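Asks: Mind looking over this structure? Questions follow.
The numbers here are math on the coordinates, done by the rules we state, and not lab data. Quantities reported herein were computed from a predicted structural model and do not represent experimental measurements. Positions of Cβ are generated from backbone atoms using ideal geometry, with glycine treated the same way; all protein chains shown enter the neighbour counts.
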Amino acid sequence: MKKINFIVFFLAASILSGCGFHLRGSQDLSAVLPEVQLSGVNQHSELGRDLIRALTNSKVTVVDESSMVLTVRKNSTTKRVLSVDSAGRANQYELNYQLGFTLQKKMQAEDDKQKLVDLVAPQTISEKREYLFDANLLLAKTAEETKLNNEMRQAAILQLLRRLMFSLKSKDKTNSAVK
């Protein structure tokens, strides 16, 4: 029985590794983006820490000064009432999270000043979540809202990494086809 379990496990592992399966968020950006400088975000904020962690996990070195600059242009969370009960109290909310960014490269201009050239045009990522609210469970619902905000931020960061990967790889293919 142990041999059969081992064989089944080995076959499943072989099939998953052979098909190109990767864990979510474990992409390697180092070939197209070896190092980057963060701008527009405090590196000690939740977004800054999460962004640095995600870039580091993607094998991108985050440095204080680089020719590549990832600028966070927007980082906002809004909350909207979706429905109310018979007494006029909110019982369902919609949370919206927006993360705007651009990736630029520092280039030397003719007058010896540095100018920034867009490698990835300014984009905005939006995430939405809905949740039911009960005033009797205030602490639990507050914790749920915090968790949903964290999940939306993490999802937006993963989407940012995928967009960077796609944009930079397509630019790299375009540049190699032109040469």
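Asks: Going by how many other beta carbons lie within 10 Å of each one, how would you line up Leu116, Leu160, fewest first?
Replies: Leu116, Leu160
Asks: With 10 angstrom as the radius, rank Ser58, Ser45 by how many other C-beta atoms surround their C-beta, starting from the fewest. Write down the numbers at each step before the final one.
Replies: Working: Ser58 18, Ser45 12.
Starting with the residue having the fewest Cβ neighbours, the order is Ser45, Ser58.
Asks: How high is the relative contact order of region 29-111, given as a whole-number percent (alpha carbon pairs under 8 Å, six or more residues apart)? Write out the running numbers ahead of the final one.
Replies: Values: 130 pairs, mean separation 23.9, N = 83.
Normalised by residue count, the contact order of region 29-111 is 29 percent.
Asks: Given R₀ = 35 Å, what would the calculated FRET efficiency be for Ala90 paired with Ser126, taking r from the Cβ atoms and rounding to 0.05?
Replies: Working: r = 22 Å, r/R0 = 0.63.
That pair, Ala90 with Ser126, gives E of 0.95.
Asks: Right, next: Along Cα→Cβ, 7 Å out, is where each label goes; now give me the distance between the ones at Ala155 and Glu35 in nm to one decimal.
Replies: Computed distance between label sites Ala155 and Glu35 equals 3.5 nm.
Asks: For the chain, state the average projected area of the convex hull of the C-alpha atoms over all orientations, rounded to one decimal in nm².
Replies: On the way: hull surface 71.0 nm².
Computed as one quarter of the Cα hull surface, the answer is 17.8 nm².
Asks: Any idea how far apart Asn42 and Ser170 come out in nm if each label point goes 7 Å out from Cα toward Cβ?
Replies: For Asn42 paired with Ser170, the spin-label model returns 3.5 nm.
Asks: How far, in nm, would the chain grow between Leu137 and Leu11 when pulled straight, counting 0.36 nm per residue and subtracting the alpha carbon separation?
Replies: On the way: separation 126, 0.36 × 126 = 45.36 nm, distance 4.74 nm.
In short, 40.6 nm is gained.
Asks: In debye, nearest 20, what is the charge dipole magnitude of the chain about its Cα centre with +1 on Lys and Arg Cβ and -1 on Asp and Glu Cβ, if you could check?
Replies: 540 debye
Asks: Would you be so kind as to identify which of Asn150, Val117, Gln43 lies farthest towards the positive end of the dipole of region 29-178, taking Lys and Arg as +1 and Asp and Glu as -1 on Cβ and the Cα centre as origin?
Replies: Of the candidates, Val117 comes out farthest on the positive side.
Asks: Of Ala135, Gly100, Val8, which is farthest along the charge dipole of the chain in the positive direction, counting Lys and Arg as +1 and Asp and Glu as -1 at C-beta?
Replies: Val8
Asks: Here's another thing I want to ask about it. Return the calculated 222 nm mean residue ellipticity for the chain, to the nearest 500 deg cm²/dmol, obtained by summing -39500 (n - 2.57) across DSSP H runs with n ≥ 4 and dividing by the residue count. List each step's numbers first, then the result.
Replies: Numbers: 3 runs with 70 residues, N = 179.
One gets -13500 deg cm²/dmol as the mean residue ellipticity at 222 nm.
Asks: To continue, here is another question. List the relative contact order of the chain as a percent without decimals, with contacts defined as Cα pairs under 8 Å and 6+ residues apart.
Replies: Details: 249 pairs, mean separation 31.0, N = 179.
Answer for the chain is 17 percent.
Asks: 7 Å from Cα along Cα→Cβ at both Asp118 and Glu65: what's the point-to-point distance in nm?
Replies: It is 2.8 nm.
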